[in-house]
Structure formats: C-alpha cells, structure tokens
Amino acid sequence: MGKEEKEYQVKNIRGYSKEEIRRIHELVRRSGPGAVEQEIPEFMQSMNRRFKRDSMSLNEYYSALEKEMQESLSRTGISDKLIQEREAKIAMIPDELAAKKKDLLNKYSIRISFAPVAALAVTTLCVKVLVTLVSGHKETNISMIYNPVTKQMDPMVCQSCGMSMFSLGLDKNMQLNCTACLRCDPLFFVKSVN
C-alpha cells in the first residue's frame, strides 16, 4: 500500500489595510537600523579603530604643539607682545583640539537611514504548535508557528508594543509581553522560543 500525500488548502492572500501597512512600516522603521547594524560589525569596528587612532594622533600633535609653544616662551629676547600672543594661542589649543575631534567624530560616525521600499509575502505550508502556559491557577493558550522557510519558530508578537520577540514573558493578566515591556517580575518566563 503506497503513501498517500496530504492535501492542504491554501487561502489566497488578502490585501492589507492602510492601517496595517502603516503599522508594518513603523515596526520596520524601528527595528531596521538595528538589523542593519548586526550585518556590519566589522565595518563598525574598523571605523572605531580609525577614530581612536586619529584621535590619539591629534592628542599627540596638540600636546607636542603646546609643549613647544611653552618652551618658546622661556627663550630670552622675546617681547611682551609676542609672549601675550603665544599665551593666547596656547589657551586656544583645547578648543581647537575639541573642534578637530568633533570633525573626526563626524568623519567616522555611521548614520543608518532606513526606509522600507518593498515587501514580499511568502505563502507556504507551516506547522502550528498549540501551547498552554500555566502559572498557578491561571492558564492561557497560545499558538506558535514553525516556519519551514526559515526552519525555526516565527517570533511571537508582544501584546503591548507590537514588536517581534523571541524572549517573552507573561504579565499578571497572562498577556504575552517582550522582556522590555515587562515592568514587574513576570509570572512565567520563557528564555527562547526557537
């Protein structure tokens, strides 16, 4: 007797309302820069290294300049006017150094501008896992989705802020919340759902 394949009914994807699109756009705008940062750690480390190197060079240069100008004041035969001018220049060195460091910081800063321009909806068969969370005499049922495309559980959605979450907990009303939204000790805490 041969194996019989199961047939699944696939529903057509419905369109999204303007409010749903706005909400998705807001979630992507908030989480997008962090996702990009996770993809460029080597570049960020390189820029930090360069900033530190150039900053140290600036410190050394201005320290040597100040020392040289201080030594020139002790020479004989320098007029009072020239001494006042050099002392004024020495007094300006910290401000000049601060301005140069600010320029360096602007040069090596990484600014991530993130604007979603397209979305892709993938329809695939998935596995729904039904879970009952129990705390004391209270319980709540949730369903989790195993995604065969990513080969992991899809993130849950925080019922307070709407953000995706892999670490979650329950508040006193048995509502699923991300760890950031839990203001008090949760009744039940799951470290990870994947």
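Coordinate-derived values only; no laboratory data. Values in this document were obtained by computation on a predicted structure and should not be read as measured data. FYI the Cβ positions are ideal-geometry reconstructions off the backbone, even for glycines, and counts take in every protein chain you see.
Computed values, structure above
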item	result
Förster-model FRET efficiency, 41 Å R0, M153 and R53, C-beta, rounded to 0.05	0.40
Per-residue ³J(HN,Hα) for region 139-156, Karplus 6.51 cos²θ - 1.76 cosθ + 1.60, θ = phi - 60°, Hz, x for Gly and Pro	8, 9, 9, 10, 10, 10, 10, 8, 9, x, 6, 8, 6, 7, 6, 5, x, 7
Taking N as its residue count, the alpha carbon Rg of region 16-121 over 2.2 N^0.38 Å	1.91
Candidates S74, S143, S109, ranked by Gaussian network fluctuation over the chain, Cα under 10 Å, top entry	S74
Sorted by Cβ density within 10 Å, fewest first, the residues K52, K100, K128	K128, K52, K100
Label point distance in nm, R22-I83, each placed 7 Å from Cα along Cα→Cβ	7.2 nm
Qualifying aspartates and glutamates (Cα of each under 13 Å from Cα of K107; at least 8 residues distant if same chain)	D54
Dimensions (Å) - region 50-89, Cα atoms, principal axes, largest first	43, 15, 6
Overall Cα dimensions of region 127-190, principal axis frame, Å, largest first	35, 24, 15
Rounded to the nearest 20 debye, dipole of the chain from Cβ charges on Lys, Arg, Asp, Glu	400 debye
Relative contact order of the chain, defined on C-alpha pairs under 8 angstrom at six or more residues apart (%)	14 percent
Nearest-0.05 FRET efficiency for A99 and T76, computed from C-beta distance (R0 22 Å)	0.05
Binned Cα-Cα distances of the chain, short to long, each 10 Å bin given as a whole percent	7, 18, 20, 16, 12, 10, 8, 6, 3, 1, 0, 0
Placed amide H near M153: partners under 5 Å, 5+ positions off or other chain	N147
Most fluctuating residue given options A91, A115, A35, as computed from a GNM of the chain linking Cα atoms under 10 Å	A91
Loop-exposed chymotrypsin sites (Phe, Trp or Tyr not before Pro) per DSSP, neighbour cap 16 Cβ within 10 angstrom, longest uninterrupted part of the chain	17-113
Proximal aspartates and glutamates relative to K128, as straight alpha-carbon distance under 18 Å, when same-chain residues fewer than 8 apart are discounted	E7, D154
